[in-house]
Amino acid sequence: MSASSIASQRILLVEDDEGLRELLAEEFEDSEAQVKAVADAEQAAPLLVEWEPDLVVSDLRLPGADGMELLAEARGLHAPPAFLIITAFGSIDQAVDALKAGADEFLTKPLDLEHLMLCVHRLLETRRLRGEVQRFRRLMDEPEFHGMVGNSRAMRILCDHIKRLARGTGPVLILGESGSGKELVARAIHQESERSGEPFQAVNCAGIPSELLESEFFGHEAGAFTGAQRAHKGLFRQADGGTLFLDEIGEMPLALQAKLLRVLQDGVIRPVGGQKDYAVDVRVVCATHRDIEERVAEGSFREDLFYRLETFTLNVPPLRERDGDVELLAMRFLNRFAARLDRKIKGFSTAAMKALVNYDYPGNIRELENAIERATTFCEGNEIQVEDLPARMRASGGAGRGTAAGGLPSAGGDQVLQQLVAGSPVLPTMQELERRYIDFVLEQVDGNKRRAAAILDIGRRTLYRRLETED
């Protein structure tokens, strides 16, 4: 682990000797680590939860509670930090007791700064590797739902809705941004339904010339038009008994929309150039990234077809609203591309994963997949570095849309303060001001609690707790 590789790591220093505290803090800061230095365990305890340090460096003997008591608090956390104890009164018994209690290292004063920094680097690297192993195991244990990976609340809700809709027989309209996985949702509906053993046919309405769409959908008889040397069944008859997925339904020409509506209502089709109708039993699942109601209003989409399709509507959440899923998906894509390219890449650096998690993904899952393929190709070591990611992800600096480069709201500090105190007959208390600022940041990031917590420099659990306390 190089000196620069701890730049994004958080070190909580607990030392009552002011001179040594300042010296060690400067040493850690010279390695570009984030440092909070306090004099006793009472000040350190809340920071364990609110700041979520990666490493605690604590004196054993402190005013009030000692380092062992602080160690016990740290061990009780869901994701405990690495813990290094230092003392001027070291003994073998104390070292054994500390290590048994969960400390990762025990050093005696006077400290050899070079040896101390080697220990700090090793502990942080070990903690990072353990985290990678845990993430990998979680990923391997993460159940797929018909090819969809994710454990966020938004995805759990979506999967539940898919299971419910699969029991129906009427058409389904899937709404979602480009690249969010609408075809996977359509396939999941098919697989969950009683039609799972029957054909699943998919077509992109925007990818076929309009003059060929009718033939593609309903088939044609031999000689129906120039070049039609043989009869063609068409997608509806090919999908008979199963499911037909019409992607980008918003691009379908109006004339074909009328014929689609007839199929949905009557269950019959007539091939181009044919004189005979054919009964078909097909569940139609449609998808679009466009605002269908807007297209209805402008006259480019039939209102009656829209009302027929919207009976069962599913909204696929964009990736930026799927807290926690980016990491799972990134590891899944890395494993796939590393195997395909025969590369021995074990994971992501802390900085690279942070850049991935904080990016907004206007291109959704497809954009993440392409980014990981690129990173896997360009990676020269055994883990993906931030330099391997596309420039737009590196340039974001962890800032989402509506934030400045450093992650702060784009409004100036004075302007923000004026907004927070505006409308109050008296100046707000610190607690009131804190809650107003939290609400302000949440508004700036469209309610995304992950991004809000990053801007506020607190853990998401801390943010949730503060919101619950005020409600």
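Confirm whether S91 is hydroxyl-bearing (S, T, Y) and within 29 Å of G347 (Cβ to Cβ). So S91 fails the test. When region 164-206 is filtered for residues that are of a type in the set (G, A, S) and closer than 30 Å to D360 by Cβ, the ones remaining, listed by number, are G176, S178, G179, S180, G181, A186, A188, A202, A206. Within region 222-242, the only residue that satisfies the criterion of being among the polar types (S, T, N, Q) and surrounded by 15 or more Cβ atoms within 10 Å (Cβ to Cβ) is Q238. Among the conditions (1) surrounded by 13 or more Cβ atoms within 10 Å (Cβ to Cβ); (2) at pLDDT 90 or above; (3) out of contact with any helix residue (DSSP H, G or I) (no Cβ under 6 Å at 6 or more places or on another chain), the only one that D66 does not satisfy is (2).
Total residues in region 144-178 satisfying the condition of being more than 20 Å from F312 (Cα to Cα) and assigned to a helix (DSSP H, G or I): the figure is 1. Inclusion of Q34 among residues that are at pLDDT below 90, touching a strand residue (DSSP E or B) at 6+ places or on another chain (Cβ under 9 Å) and of a type in the set (S, T, N, Q) is warranted. Here A88 passes the criteria (1) in contact with a Leu (Cβ under 7 Å, 6 or more places away or on another chain); (2) loosely packed, with under 15 Cβ neighbours inside 10 Å except the one numbered (1).
Counting only strands (runs of 3 or more DSSP E) wholly contained in region 36-110, the ones carrying 1 or more residues that are closer than 12 Å to V14 by Cβ occupy 55-59, 82-87.
With more than 23 Å from I6 (Cα to Cα) and modelled with pLDDT of 90 or more as the only criterion, which of D54, D40 stands out? The match here is D40. Residues in region 263-285 that are within 25 Å of H190 (Cβ to Cβ), touching an Asp or Glu at 6+ places or on another chain (Cβ under 8 Å) and not in a loop (DSSP other than H, G, I, E, B): V268, I269.
Within region 264-286, the set of residues being buried (at least 20 other Cβ atoms within 10 Å of the Cβ), under 38 Å from the mean Cα position of the chain (by Cα) and not basic (K, R) comprises V282, V284, V285, C286. Taken over region 359-392, the criterion of being out of contact with any strand residue (DSSP E or B) (no Cβ under 8 Å at 6 or more places or on another chain), surrounded by fewer than 21 Cβ atoms within 10 Å (Cβ to Cβ) and outside any loop (DSSP other than H, G, I, E, B) is satisfied by R366, E367, E369, N370, E373, R374, T377, F378, V386, E387, A391, R392.
Scan region 422-437 and give yes if some residue there is among the polar types (S, T, N, Q), surrounded by 13 or more Cβ atoms within 10 Å (Cβ to Cβ), at pLDDT below 80 and not in a helix (DSSP H, G or I), otherwise no. No: region 422-437 contains no residue that is among the polar types (S, T, N, Q), surrounded by 13 or more Cβ atoms within 10 Å (Cβ to Cβ), at pLDDT below 80 and not in a helix (DSSP H, G or I).
Of the set (1) closer than 26 Å to V386 by Cβ; (2) at pLDDT 90 or above; (3) surrounded by fewer than 18 Cβ atoms within 10 Å (Cβ to Cβ), all apply to I11 but (3).
Somewhere in region 53-71, is a residue touching a residue at least 60 places away in the same chain (Cβ under 8 Å) and either over 29 Å from the mean Cα position of the chain (by Cα) or not assigned by TED's automatic domain parsing to the domain that holds D17 (or both)? There is at least one residue in region 53-71 that is touching a residue at least 60 places away in the same chain (Cβ under 8 Å) and either over 29 Å from the mean Cα position of the chain (by Cα) or not assigned by TED's automatic domain parsing to the domain that holds D17 (or both). Residues in region 207-223 that are in a loop (DSSP other than H, G, I, E, B) and either of a type in the set (G, A, S) or not assigned by TED's automatic domain parsing to the domain that holds R270 (or both) were compared, and the one that is farthest from the chain's Cα centre (by Cα) is G223. Taken as a whole, the condition of being outside the structural domain of L246 (by TED's automatic domain parsing) and either modelled with pLDDT under 95 or under 13 Å from the mean Cα position of the chain (by Cα) (or both) does not apply to E373.
Return a yes/no flag: does region 394-414 have any residue that is at pLDDT 90 or above, part of a helix (DSSP H, G or I), within 16 Å of the chain's Cα centre (by Cα) and not aromatic (F, W, Y). No: region 394-414 contains no residue that is at pLDDT 90 or above, part of a helix (DSSP H, G or I), within 16 Å of the chain's Cα centre (by Cα) and not aromatic (F, W, Y). Here L256 meets the list (1) loosely packed, with under 15 Cβ neighbours inside 10 Å; (2) part of a helix (DSSP H, G or I) almost entirely, failing just condition (1). When D16 is tested against the conditions (1) within 19 Å of H121 (Cα to Cα); (2) surrounded by fewer than 22 Cβ atoms within 10 Å (Cβ to Cβ); (3) not hydrophobic (A, V, I, L, M, F, W, C), the lone failure is (1). The residue list L244, L184, L158 contains one member that is outside the structural domain of G363 (by TED's automatic domain parsing) and more than 26 Å from the chain's Cα centre (by Cα), which is L244. So is E22 without any contact (Cβ under 8 Å) to a residue 40 or more places away in the chain, closer than 27 Å to S91 by Cα, in the same structural domain as Q94 (by TED's automatic domain parsing) and in a helix (DSSP H, G or I) or not? Against the criterion (without any contact (Cβ under 8 Å) to a residue 40 or more places away in the chain, closer than 27 Å to S91 by Cα, in the same structural domain as Q94 (by TED's automatic domain parsing) and in a helix (DSSP H, G or I)), E22 qualifies.
The values are calculated or read from the model by the stated rules, or taken from the named source; none is laboratory data. Every value quoted in this text rests on a predicted model; they were computed, and no experiment measured them. Because the Cβ atoms are built from the backbone with ideal geometry, glycine has one as well, and the counts that use them run over all protein chains shown.
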